[in-house]
Amino acid sequence: MGSKNKLKRFNENATFKNVVQPARQEIENGTFALKGKWAEHFGNENPIVLELGCGKGEYTVGLARLNPDKNYIGLDIKGARLWRGAKTGIEEELNNVAFLRTQIELVDEIFEENEISEIWITFPDPQIKYKRTKHRMTNEVFLNKYEQILNDSGLVHLKTDSEFMHGYTLGLLHGSEREVIYANHDVYKNEGSPKEVLSIQTFYEKQYLDKGKPITYIKFRLN
């Protein structure tokens, strides 16, 4: 993507009512106004579902279409990517979808305790090399952050093409005696996966399927 096109998208994001772009300092010093008040942003008390590393927002928007009785927030640091999801949300008048441009490691400082009902992690970088463990989005540090913001019945969904990420996460969950509600190592060949897993396919997911890669899924609870 050219720099001019990126700049255009950055400028458009600033005008979109469904895009929130706090400064890192604002988050770290505790002055971020929406922490604990995301229900006010949506104008209702519906459950709030968060997608981490949302990219172009395909999954965030897809979930919002399927479940109008829930509010969805797609989080990503790359504004030129989430622009697509934000623009689609505006074009389709999806009032239950928003996008947040910030770093994932700040998630526990952006949301209050018990503010989130579900978290989706879709096709994250598996960070296979050992020295990259700290960047895996289901490592113990991240799981503890998610646990802080999820309510007592809160769920986490991991959908990935990486068998390594699938196995690593299952091992970590079982080792910490956390509740694995459902796990499937090939959702399109084995029955039982929820409609949200089967009916939404991102651009990259379709590419993985064309290459014959199995898509895996885990639903688990941290509390």
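Quick note: the coordinates plus some simple rules give every number you see, no bench work behind them. Values in this document were obtained by computation on a predicted structure and should not be read as measured data. Cβ: placed from backbone, ideal geometry, glycine included. Neighbour counts: every protein chain shown.
How much FRET efficiency would the formula 1/(1 + (r/R0)^6) give for ASN11 and GLN103, where r is the Cβ-Cβ distance and R0 is 25 Å, rounded to 0.05? The value I calculate is 0.70.
Computed over the chain, relative contact order equals 19 percent, with contacts defined as Cα pairs under 8 Å that lie 6+ residues apart.
Of the residues ASN44, ASN190, ASN18, the one that moves most in a GNM of the chain with alpha-carbon contacts below 10 Å is ASN190. Taking the DSSP beta bridges with both ends in the chain, the antiparallel portion is around 30 percent.
Please compare each pair in LYS35/LYS134; LYS56/LYS129; LYS4/LYS35; LYS134/LYS159 to a cut-off of 21 Å on the Cα-Cα distance and tell me which ones are over it. The answer is LYS35/LYS134; LYS56/LYS129; LYS4/LYS35. Across VAL49, VAL187, VAL61, mean-square fluctuation computed from a Gaussian network of the chain (C-alpha pairs under 10 Å connected) peaks at VAL187. As I understand it, the dipole of segment 50-89 uses +1 on the Cβ of Lys and Arg and -1 on the Cβ of Asp and Glu, about the Cα centre. Which of ALA64, LEU82, LEU52 lies farthest toward its positive end? Comparing the listed Cα positions along the dipole, LEU82 ranks first. Under the simplified labelling scheme, the ARG24-HIS174 pair shows an inter-label distance of 3.8 nm, with each label point 7 Å from Cα along Cα→Cβ.
Just to verify a number: FRET efficiency for LYS189 and ALA39, C-beta to C-beta distance, R0 = 45 Å, to 0.05?
Numbers: r = 39 Å, r/R0 = 0.88.
About 0.70, to the nearest 0.05.
Between ARG132, ARG24, ARG65, the Gaussian network model of the chain with springs among Cα atoms under 10 angstrom shows the greatest mean-square fluctuation at ARG132.
If you put +1 on each Lys and Arg Cβ and -1 on each Asp and Glu Cβ, how big is the dipole of segment 1-99 around its Cα centre, in Debye rounded to 20?
Working: 15 positive and 12 negative charges, 111 e Å.
That gives segment 1-99 a dipole magnitude of about 540 debye.
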